[in-house]
Amino acid sequence: MSFVTGLFLIDAPASALNNLGSVPGARTDNTVGVKVIRAKDGVYPYVSAQAFRYWLRTTLESSDLGWKAAPIYREEKVAYTDANPIRWWDDDLFGYMRAPSKRTSAVEKRSADESRAEETPTTDTVTRISPLRVSTLVSIAPVTLTEDFGTMSRHEGDPVPHEHQFYRTTLKGLFSLDLGACGTFSYQRRTGFRNLDEERVKEAQQKSLIHLEDRKSYRLLFDERVKRIGTLFEGFAMLEGGAKQTLHYTDVAPVLAIMAVTKGGNHVFGHVIGASGRGLPEFKIDAFKEALDVFQDEILSDIYIGWVKGYLEDERKKVETFITENGAHNIRICHPRDAFRAMAEQLRKPENQKWLE
């Protein structure tokens, strides 16, 4: 199995990207706090994987990249997508779970809803494990939270006080994309593996998907699979989202990313970037060299380092010197957007089709 394994940094100079609601015991009743991990060595702000995936989905949906997002349906206290990975790219790459209620009232309500005219019929539970895995985005070092005090005072009478927390840090996240699972849909009767029910199997046959009979799966054609993957990477490169953008306007597009195609899903670059003694991002050359040595047989592609010029210039020079001194022609350093595009271009090459098997 082959994966695109990657690490990325988000620069958060004064930010509150993922909030938790009111803070008990705060000076004002409407103080908004940020999500943090409290450890023995301090407080680490974080962005949940769910929030990050939401940013990525909405970025893709609002872009002009041609992303095909699944419609969402609401049924009392349950909401779900169309759960059809053949038609919808996010159902393919982000996964789903759908277990329609068989109660008479629920069936009748669905039938009477005209907005569901194009819905894929579903008579049984279908689930799909997401080929895209992402970590929680965590501050590389503990920080001291800042509490900002403000008032609403554009009215007669006493001003209304309010507060919110924010921080200055660098957030580190990991991702892994299972290339074999992208565009490959199982009809095995196992939880998490039954991506297609009878209706969806019929659609796969009608659209002439490749039948992998020994694996009880159907697969999209190669060109369609890499088109979806390439568009996903475009979304990574132009990522938008986050809370408190009106007040803090944080660019959440990665300022630094490292990625390569690897064997297996273990992360080979997870410890390459950490914090210095001053709590600032540091590219750990020794850790990087060790990863290259230990995993040399498991790194299948060139290594792409996307790095915005002007960000951590001294650290970038260290990496450029390492590449030059070691003649590491398989390590390419460029802007993050170009790095994601270059990775997508590698996947499109016919000679690399084996990575998607």
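Taken together, the values in this text are just the output of simple stated rules run on the coordinates, not laboratory data. Please read all numbers here as calculations on a predicted model, not as lab measurements. Cβ: placed from backbone, ideal geometry, glycine included. Neighbour counts: every protein chain shown.
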Subject >> Length-normalised contact order of region 202-357 in % [C-alpha pairs under 8 Å, at least 6 apart] >> reply: 24 percent
Original post:
Most mobile of S62, S217, S15 per a Gaussian network model of the chain (Cα springs, under 10 Å)?
Top reply: S62
**OP:** Provide the gained length on full extension for the span E61 to A79, in nm with one decimal, where the gain is 0.36 nm per separating residue minus the Cα-Cα distance.
**Re:** 4.7 nm
Original post:
If you take the beta carbon distance between R38 and I333 as r and set R0 to 41 Å, what does 1/(1 + (r/R0)^6) give as a FRET efficiency, to the nearest 0.05?
Top reply: 0.70
Subject >> Cut-off of 10 Å, at most 11 other beta carbons, DSSP loop: longest stretch of the chain lacking such trypsin sites (Lys or Arg not before Pro) >> reply: 191-277
**OP:** Give me the number: length gained by fully extending E325 to E213, i.e. 0.36 nm times residue separation minus the C-alpha to C-alpha distance, one decimal in nm.
**Re:** 35.3 nm
Original post:
Spin-label point model (7 Å from Cα, Cβ direction): what's the S135 to M1 distance in nm?
Top reply: 1.9 nm
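Could you tell me which of rounded, prolate or oblate describes region 160-309, using a ≥ b ≥ c as the square roots of the eigenvalues of the alpha-carbon gyration tensor, with rounded for a/c under 1.5 and, failing that, prolate when a/b is larger than b/c and oblate otherwise?
Note, shape of region 160-309 comes out oblate.
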**OP:** Of the listed values (1) 19.2, 63; (2) 23.0, 74; (3) 22.1, 72, grab the one calculated as Rg and Dmax of the Cα atoms in Å from the structure here.
**Re:** (2)
Subject >> Residues of region 309-352 with amide N under 19 Å of a point placed 7 Å along Cα→Cβ from D223 >> reply: 344-352
Original post:
Mind checking which of N330, N19, N84 has the largest fluctuation in a GNM of the chain, springs on alpha carbons under 10 Å?
Top reply: N330
Original post:
Using alpha-carbon pairs under 8 Å, 6+ residues apart, how would you state the relative contact order of region 270-342 in percent?
Top reply: 32 percent
Original post:
Considering only DSSP beta bridges whose two residues both sit in the chain, what percent are antiparallel, to the nearest 5?
Top reply: 95 percent
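If we count other beta carbons within 10 Å of each Cβ, what is the order of I333, I273, fewest first? List each step's numbers first, then the result.
On the way: I333 16, I273 22.
Listing I333, I273 from fewest to most nearby Cβ atoms yields I333, I273.
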Subject >> Percent RCO, i.e. relative contact order, over the chain, from Cα pairs under 8 Å lying at least 6 residues apart >> reply: 24 percent
